[in-house]
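In what follows, a single structure is set out as structure tokens and then discussed.
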Amino acid sequence: MTSRVTLISAATSRALREARFDDGCSLDASAAARARAAAGGLPPADRLLVSPTVRCRETAKALGLDAVEAPELAGLDVGRWRGLTLDEVSIGDPAGIALWLSDLGAAPHGGESVRALCERVARWLDASAEFDGRTLAVVEPEVVRAVAVKILDAPGPAFWRLDVPPLSVTDVSGRSGRWNLRLGRALGPSEDGPGG
């Protein structure tokens with residue numbers, strides 16, 4: 001049995017453009033339009049999932065997907081840092097941000113640690129290996145990073161070294177618990193055709 005997972009990173013929002021921790025803001029009109037324009041490049045899927053964040057739900061809608069919310073694919077809960085820019089946190093909580101960036105198990109913001117996020121996403125990916133067919137999920141960039149770290153069995157700090165552009169596609173395929181990873185394809189028709 002081969003499982004296929006296609007992860008689509010959400011379209012841009014004001015918070016992302018401002019390097020602000022997600023504050024639940026909506027997509028702007030141009031980001032929604034880009035998602036609508038890319039809808040024709042989606043592979044067929046047997047299961048459609050979406051992170052419960054506003055921008056992921058709005059991206060899924062713009063892509064024409066009737067996706068089911070998957071709490072296990074939620075973005076990182078940054079607690080009291082929600083809505084703040086990285087610069088604002090660096091000024092207001094320099095020790096906290098230094099700890100957060102150096103210790104994946106730390107959660108000085110009172111939310112979820114990066115390690116906990118990676119473990120949650122890894123459990124979801126392991127369970128997805130039991131699904132015979134393609135799963136398509138619209139997720140936050142940190143979920144894609146966590147998937148890449150898991151599949152590559154990379155050291156935890158690699159999480160900080162992965163950039164995930166908006167509306168990019170990461171394809172994962174696996175059989176018997178062995179996953180392969182295809183990174184960074186722009187959402188739209190692929191060179192392999194719609195099945196990717």
Checklist outcome for this item: Selection from region 13-27 of residues at pLDDT below 90 and at negative phi yields Ser13, Arg14, Ala15, Leu16, Arg17, Glu18, Arg20, Asp22, Asp23, Cys25
Item to check | Residue among Gly110, Gly83 that alone is in contact (Cβ under 8 Å) with a residue 60 or more places away in the chain, touching a helix residue (DSSP H, G or I) at 6+ places or on another chain (Cβ under 9 Å), outside any strand (DSSP E or B) and at positive phi | outcome: Gly83
Next on the checklist: Going by what's in this entry, would Ala95 be described as exposed (fewer than 15 other Cβ atoms within 10 Å of the Cβ), at pLDDT 95 or above and not in a loop (DSSP other than H, G, I, E, B)?
Outcome noted: yes
Item to check | Count of residues meeting criterion [closer than 19 Å to Ala137 by Cβ and open to solvent by 60 Å² or more (accessible area, probe 1.4 Å)] in region 2-40 | outcome: 5
Item to check | Answer from Pro43, Pro52 - the residue that is of a type outside the set (Val, Ile, Thr), assigned to a loop (DSSP other than H, G, I, E, B) and open to solvent by less than 20 Å² (accessible area, probe 1.4 Å) | outcome: Pro43
Checklist entry - Could you list, in sequence order, the residues of region 70-95 that are touching a strand residue (DSSP E or B) at 6+ places or on another chain (Cβ under 6 Å) and closer than 20 Å to Val5 by Cα? => result Ala70, Leu73
Checklist entry - What number of residues within region 121-165 satisfy the criterion of being touching a Pro at 6+ places or on another chain (Cβ under 9 Å), open to solvent by 20 Å² or more (accessible area, probe 1.4 Å) and either acidic (Asp, Glu) or closer than 14 Å to Leu73 by Cα (or both)? => result 1
Item to check | Residue satisfying all of: in region 134-171; part of a loop (DSSP other than H, G, I, E, B) and in contact (Cβ under 8 Å) with a residue 40 or more places away in the chain; farthest from Leu104 (Cα to Cα) among these | outcome: Leu167
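The values are calculated or read from the model by the stated rules, or taken from the named source; none is laboratory data. Computed from a predicted structure; not experimentally measured. Every residue, glycine among them, receives a Cβ derived from its backbone with ideal geometry; neighbour counts consider all protein chains shown. Keep in mind that these areas ignore ligands, DNA and RNA; they rest on the heavy atoms of the full protein, side chains included. Shrake-Rupley method; radii C 1.70, N 1.55, O 1.52, S 1.80 Å.
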